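Sharing a structure below in structure tokens format, with a few things to ask.
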Amino acid sequence: MIEAELLANDVLESSTAVSGASNWSQSNWLEAFYIPYKTSPNQFWMFHQNLKWVYLNSGSPSNIWLFFSSTGDWLWTKKSIYHYLYSNGLSSWLYLQTNGTLLRWNSSSW
């Protein structure tokens, strides 16, 4: 499917460089981020505009793990549900607001 271009193999598919901002990119779903150095196409540190420093570990856009450095927690998401993230440490869903605040689902509300 990848060879037929029916399935993306690039975690940050369709991201474009931000003009005049070295190493900054804008994704059509993951928003703006800065990658200072990439040692692997699917595992690297990045500065996300709302999450701040995260370690991205993924094989495809349908399975994204982000190590959230400020809490030491792994968060899971994918392109089709992002701004919703599942917290491995909290065993709970989170919602990322545009101001960077994470809301936690408590069984009936955020």
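The values are calculated or read from the model by the stated rules, or taken from the named source; none is laboratory data. Predicted model, so just to flag it, every value in this text is computed and none were measured. Here the Cβ is made from the backbone with ideal geometry for all residues, glycine too, and neighbour counts use every protein chain on show.
Which condition breaks for residue 54 when tested against (1) touching a His at 6+ places or on another chain (Cβ under 7 Å); (2) not in a strand (DSSP E or B)?
It fails just one condition, (2).
One line per residue, one yes/no per condition, for (1) basic (Lys, Arg); (2) over 10 Å from the mean Cα position of the chain (by Cα); (3) within 27 Å of residue 101 (Cβ to Cβ); (4) modelled with pLDDT under 90:
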{"position": "7", "(1), (2), (3), (4)": "no, yes, no, yes"}
{"position": "16", "(1), (2), (3), (4)": "no, yes, yes, yes"}
{"position": "35", "(1), (2), (3), (4)": "no, yes, yes, no"}
{"position": "49", "(1), (2), (3), (4)": "no, yes, yes, no"}
{"position": "77", "(1), (2), (3), (4)": "no, no, yes, no"}
{"position": "80", "(1), (2), (3), (4)": "no, yes, yes, yes"}
